[in-house]
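Student: Just dropping this structure here.
All of the numbers you see were taken from the coordinates with simple rules; none came from a lab. As the structure is a prediction and not an experimental result, all values here were calculated from the model. Counting neighbours? That spans all protein chains shown, and the Cβs are built from the backbone with ideal geometry, glycine included.
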Amino acid sequence: MADMIDKSAARTAAFARRAQVHATGQGTAAYLSAVLAGYRGVPLSGYMAMRTEIDPTAAMAEAAAHGPVGVPVIMGKGLPLQFRLWEPGCTMVPGPFGAQIPASGDWMQPEIVIVPLVAFDRRGGRLGYGGGFYDRTLELLRSRRPTLAIGFAYAAQQDSDLPLEPTDQPLDLIVTEQGVITP
């Protein structure tokens, strides 16, 4: 039970830090675009930013000119995410939990997953929203083929003392509006 309290407090603090930096409008995807340029054509998944998340859409649009880009679709509680093909300007509809998803389109399997998060550490640790969707999904994808997990966040979301668990899937890179961190 103490672990749940630790994660809740860590999330609350991280949400506050994220909201503060988000309000400045300083978050750009320039470094994310630079990283993805080294993987042209590799199938990847981004995400549609919600609330105060840093927005990867500009980098996703650039990547879509070179290869398939998907966005996550929540299929149900306790299930891994599925990924629907996305392209700039496609019709979007609200999905579960309010995340925008393509109204139609084929399913895809990414080899690079851009992961939203609440907090991260410099060792590749990630604190998510608590549903375990990305941990389950990354575990499944990585059981099939090498899968690069890129955490995308504001630098202010860094936390050196995250309450991590053995089931938490590590990030391979963390990209912020200030640069790239390699764990």
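Student: Assuming 0.36 nm per residue, please report the length gained on full extension of the stretch residue 79 to residue 142 beyond their Cα-Cα distance.
Tutor: Taking 0.36 nm per residue and subtracting the Cα distance, the gain is 21.1 nm.
Student: Of the beta bridges DSSP finds with both residues in the chain, what % are antiparallel, to the nearest 5?
Tutor: Looking only at bridges with both residues in the chain, the antiparallel portion is about 55 percent.
Student: Based on the mean of other beta carbon atoms within 10 Å per residue, what is the order of 67-73, 117-123, most packed first?
Tutor: Highest mean packing first, the order is 67-73, 117-123.
Student: I need two numbers for the stretch 19-146: Rg to one decimal and Dmax as a whole number, Cα atoms only, in Å.
Tutor: Taking only Cα atoms of the stretch 19-146, I get Rg and Dmax of 14.2, 40 Å.
Student: If the label point is 7 Å along Cα→Cβ of residue 20, which residues in the stretch 119-149 have backbone nitrogen under 18 Å from it?
Tutor: Counting only backbone N, you get 119-121.
Student: Run the helix sum for the chain: -39,500 (n - 2.57) per DSSP H stretch of 4+ residues, divided by residue count, reported at 222 nm to the nearest 500 deg cm²/dmol.
Tutor: The helix-only estimate for the chain comes to -8500 deg cm²/dmol at 222 nm.
Student: How far apart, in nm, are two points set 7 Å out from the Cα along the Cα-to-Cβ line at residue 129 and at residue 40?
Tutor: Modelled inter-label distance: 3.4 nm.
Student: Continuing with the same structure: In degrees, nearest 10, range 0 to 90: what is the angle between the Cα axis of helix 2-22 and the longest Cα principal axis of the chain?
Tutor: 60
Student: For the pair residue 165 and residue 122, how long in nm is the line joining their label points, each one 7 Å along Cα→Cβ?
Tutor: 2.8
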